[in-house]
1. Which of the residues spanning the stretch 254-278 are closer than 26 Å to Phe124 by Cβ, modelled with pLDDT of 95 or more and among the hydrophobic types (A, V, I, L, M, F, W, C)?
2. What pairs come out if I take residues in the stretch 305-324 that are over 13 Å from Gly360 (Cα atoms) and pair them with residues that are among the aromatic types (Phe, Trp, Tyr) and in a loop (DSSP other than H, G, I, E, B) whose C-beta lies under 6 Å away, six or more apart or interchain?
3. If you check Val137, Val95, Val119, which single one turns out to be crowded, with 18+ Cβ neighbours inside 10 Å, of a type in the set (Val, Ile, Thr) and under 23 Å from the mean Cα position of the chain (by Cα)?
4. Pick out the one residue from Ala114, Ala189 that is outside the structural domain of Glu278 (by TED's automatic domain parsing) and within 17 Å of Leu224 (Cα to Cα).
5. Considering only the stretch 325-338, I want to know if a residue exists there that is buried (at least 23 other Cβ atoms within 10 Å of the Cβ) and among the hydroxyl-bearing types (Ser, Thr, Tyr).
6. Being loosely packed, with under 15 Cβ neighbours inside 10 Å and either touching a Gly at 6+ places or on another chain (Cβ under 9 Å) or under 28 Å from Gly100 (Cα atoms) (or both): is that true of Lys143 here?
7. Just checking: which of the strands (runs of 3 or more DSSP E) contained wholly in the stretch 376-489 hold 3 or more residues that are surrounded by fewer than 24 Cβ atoms within 10 Å (Cβ to Cβ) and either out of contact with any Gly (no Cβ under 6 Å at 6 or more places or on another chain) or not assigned by TED's automatic domain parsing to the domain that holds Gly510 (or both)?
8. Does the stretch 1-55 hold any residues that are at pLDDT below 50, over 31 Å from the mean Cα position of the chain (by Cα) and aliphatic (A, V, I, L, M), and which are they?
Amino acid sequence: MTKIFLSAIPFFLHCLAIFPADIDARNYINHKLPDCGIQKAIEECHSSGGGTVQMPEGVFRLRRGLVLRSNVNVEGQGIDKTVLIFGREIIKINVVKAEGNKVFLETIPEKMVAGSAVVFCRVFPPSWYGEPRPAYVKEIDSKDRAIVVDVPYGMPQLKPGSGCIIFGDSAALDRDITKGDTEIFLKHAGIFQTGEEIAIGEPPNESMIAHAFIKEIRGNNLILETPVSISFKMWPADKEIGNKKINALIWGLFPLIHGANVENIRISNLTIKGNVKENVYTTQTRYTLGAIHIYNGKNIVIEQVKVCDWHSDGISLQEGNSCIVRNCEISGCIGNGLHPGTGLKNSVFEKNKIVENEQGIYFCWNNTGHKILNNIIEKNKSHGIGGLGNPGDTNNLIEGNHIISNGGAGIEINGGRKSSNIIMNNIIKNNSQSQPGKYPGIMIYAATENAMNYTIKNNTISDTQETKTQHTGIEEKNGTYGEKPTFADNNVIEDNILSGHKVADIVIVGQNTVCKNNKCEKIEYKQQTKGKDD
């Protein structure tokens, strides 16, 4: 692992040194434009062979994301000095009462008209994945502050005091979208302006998102800068499709910085701020809408960047190789703080402060060769580090982190048949805050496949609270997946210091797991019926 990073990083630094052009973005700033003029500076820097776009101090309200180009760095003047803000207003309106498809609201927004899209929630935030129901307004009764709606997925039960609608983040299609189209037909386009970015996708959290930019608006039709990359049917859905119905909303959502198939880029010294405030935000939380979202990036460095109050992931890196995220602050995100996504390899996440997000760091599939070093991971709603293991997360090092007071486990392991992952020299304490007693400091659970070949060494794992929440320090646990038994085994747990746990410091189920030289009070060995290893 070390050899990979020593060879990749100097090459990247060498590339930075030979970039021929630096551009002062002050000469391009125009706050009336959806991108405040910054994209033109990026494009001109790219056409000149690469360099650094120096952004000035100030607040820049963006209604389209900045698209990265290879060999072009984006550098601000410092955290909280150069601030990029998500520029769309999203409104949450409480339901007074509902009578069938007629819904009485506390207020009717000025921009809401017949044809406007809304998203219904029984409770906010929604209590489970995919629960929000998309709809569009058929009629408005201004006198009674009521709307009559068409709801393709059915009308949810909307009770006063808990039910609400979200308005301003989406629009409803009036015609199918076919791959290659450059025109999109909407029921009403009133929330959009020329030049803005849109995301084309299904109702909340059900599919991938395709991004596009508005070149022109003709009535309720959007003329796009480039053809649509995917096909969607308009809604209402074809009722004969049943549970497989495909419906699209057009979302006014986007990352503030994003790129695909790019390399040799540094993003630094700036703040990205969402509009999650007072329990008001979009229900669409796909990782493709992360504040910074990069697909297949190589030699990408993100440092001295603050991301706060974002409606999806803070920083999402999907696929790619040899990326670095360091000295960043990520807080208040509805999604994951950091998301090493499917297929990302040989990347470093170090010295970041990751607090009060959904999960702190979430491993997706086939993450290999990462170093998670010296981060502060605290008070996230779910796991401090989650998703590690299944499938294909191998040869990762988690070292020197402070993983404290998270809602779930300190570190969640859900599988990994031949993981070779190493967890060492971390401080892990006072986790399982959301459900006291449910989650250990480190959970080695064979939840989806065997959980094997983990080395857990030299960690300090404790519960120091008067009222305990982290009842177990390290726990192996067998499981069943698809009616097949799965096993936690062949792990090495040694030289750890554990204390203060109500149930046990260590729980072992694996017949071949090595547990030695740990300083602790109680180790519990549980019998298992051993099956054939994968």
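The values are calculated or read from the model by the stated rules, or taken from the named source; none is laboratory data. None of the values given here were measured: they were computed from a predicted structure. Note: ideal-geometry Cβ built from the backbone for every residue, glycine included; neighbour counts use all protein chains shown.
1. Matches in the stretch 254-278: Phe254, Leu256, Ile272.
2. Close Cβ pairs satisfying both conditions: His311/Tyr281.
3. On the way: Val137 fails: under 23 Å from the mean Cα position of the chain (by Cα); Val95 fails: under 23 Å from the mean Cα position of the chain (by Cα).
Sole residue among the options that is crowded, with 18+ Cβ neighbours inside 10 Å, of a type in the set (Val, Ile, Thr) and under 23 Å from the mean Cα position of the chain (by Cα): Val119.
4. Numbers: Ala114 fails: within 17 Å of Leu224 (Cα to Cα).
Exactly one of Ala114, Ala189 is outside the structural domain of Glu278 (by TED's automatic domain parsing) and within 17 Å of Leu224 (Cα to Cα), namely Ala189.
5. If we filter the stretch 325-338 for residues that are buried (at least 23 other Cβ atoms within 10 Å of the Cβ), which is where we start, we get 325, 328, 330, 333, 336-338.
Subsequent filtering for residues that are among the hydroxyl-bearing types (Ser, Thr, Tyr) retains none.
Looking for residues that are buried (at least 23 other Cβ atoms within 10 Å of the Cβ) and among the hydroxyl-bearing types (Ser, Thr, Tyr), one finds none in the stretch 325-338, hence no.
6. Taking the combined requirement at face value, the residue satisfies it.
7. The qualifying strands (runs of 3 or more DSSP E) are 479-481.
8. Residues satisfying the conditions are Ala17, Ile18.
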